[in-house]
1. Give the distance, in whole Å, between the Cα centre of region 180-241 and the Cα centre of region 37-109.
2. Extending each Cα 7 Å along its Cβ direction at Arg160 and Arg79, get the distance between those two points in nm, one decimal.
3. Pulled fully out, how much extra length does the chain show between Ala286 and Glu145, if you take 0.36 nm times their separation in residues and subtract their Cα-Cα distance?
4. Quote the FRET efficiency, to the nearest 0.05, computed for Glu207 versus Thr174 with a Förster distance R0 of 30 Å and r equal to the Cβ-Cβ distance.
5. What figure in square angstrom, to the nearest 10, would you give for the accessible area of Val270 with a 1.4 Å probe?
6. Using only protein heavy atoms and a 1.4 Å probe, report how much of Tyr284 is accessible, in Å² to the nearest 10.
7. Determine the order of Arg160, Arg138, Arg242, Arg114 by accessible area, beginning with the largest, at a probe radius of 1.4 Å.
8. Putting +1 on Lys and Arg Cβ atoms and -1 on Asp and Glu Cβ atoms, find which of Trp127, Ala201, Gln165 reaches farthest to the positive end of the dipole of region 125-257.
Amino acid sequence: MLTLAPPRTPRTPSAPAQQAARAPEPAGRVDPAPLLIAPAPERNVARPFLFTTSVHEPERPIVWPAHRHAEHELLWTDRGTATMLVEGRQWTVTPGVGLWIPAGAEHEGHTRDRTAVRATYFAPDAWDPGWVSPTAVRLAPAVRELLIHLKRARMTVEQRIRAQQVCVDMLEATELVQLEVPIPGDRRLALLVEMILADPADDRSLEQWASILSMTTRTLTRVFAAEVALSFAQWRRLVRMRAALALLAEGTSVKVVSREVGYRTPSAFVTAFRKTVGCTPGEYAARQ
C-alpha cells in the first residue's frame, strides 16, 4: 500500500524524484515543521460501555502509519482536516463529517497543522451499525459536544450508557460531498502518485510523466485506465478537488484554493469544481 506523503514535507528524494523535481517555490512559502507520529490511542472499550474517544490536539501535523485494529473507528475533527487512505481509497475528514473505518480495515493518513482530531472506538460486539466499508458519517455539533463531554465528565455507569446511546442514535451515514480518490496500485506509477498526492498543483503533462517514468504515453494511459478506470487528467482533477474540499472547509478563500490546487485563474477552478462536485466552491463552503 502506498504511504501518503503530506503536502510539502521535506524529504530526500530518490534519483528519479530528483530528476522530476520542480523549479524552486516562490519566496514567502515556508516548509512545515516535521510530522509527529501519532501516539498509540487507548482503544479498549470497557464493558458495558459502547465506545471510547481519543483526543489529539498537536500544534504540528501528525501521521498514522498503516495499521489495523479489532475495533470500529469513527475518525472526526473539531478543527482542521485529516487525510486518510483506507482500502486503496483516499478520504478527507472535515468538521461535521467523520469517517467510519470498519474493524480490521487497514488505514493510514495524516493531518494538517493544528488539527483537533478525535477518534471514537467502538467494540463490534457492543454496537455495530452495519457499515461494512468506509463510510462518511454526519456528526452534528450536538453529537461532537456530547462525545467530548463524555470523554471528560464523571458519570455513573447508568448515566454514561444512556448518554452513549443518545450519541449512537444520532450517528447517520451521509450523502454530503465526500469525493473518494482511488489510488493506483501499479508500482510503475508509484512516483507519479506520490508526487501528485503531495502536491496537487503539479501541472506536468501526461507526456512529461511518461518520459519521467520511462514508458510510452500509450502505456501510461493504458495502465491508468486499468488501475482506476479513469484517465490521468480525470484522476488528477479528482485529487485536486479532494484537496480543495479540505482547504475550503478550513475557510481558505477561493482565490487561494485555486492557486494551491493548480489552477491559473479562480474562474477555471470554479468551473472544474462545479463539474466534479456539483456545486460552486462558495456554495460548498457555506454548508460547512
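1. 27 Å
2. Simple spin-label model gives 2.7 nm for this pair.
3. On the way: separation 141, 0.36 × 141 = 50.76 nm, distance 2.13 nm.
That pair, Ala286 and Glu145, stretches by 48.6 nm at full extension.
4. Details: r = 40 Å, r/R0 = 1.33.
Plugging the Cβ-Cβ distance into 1/(1 + (r/R0)^6) gives 0.15.
5. 40 Å²
6. Probe radius 1.4 Å; accessible area of Tyr284 about 10 Å².
7. Working: Arg160 45, Arg138 100, Arg242 5, Arg114 130 Å².
Per-residue accessible area, sorted high to low, gives Arg114, Arg138, Arg160, Arg242.
8. Ala201
The values are calculated or read from the model by the stated rules, or taken from the named source; none is laboratory data. Computed from a prediction, not measured in an experiment: that's the story for all the values here. Heads up, the Cβs are rebuilt from the backbone with ideal geometry, glycines too, and the neighbour counts pull from every protein chain shown. Ligands, DNA and RNA are excluded from the accessible area calculation, which covers all protein heavy atoms including side chains. Shrake-Rupley method; radii C 1.70, N 1.55, O 1.52, S 1.80 Å.
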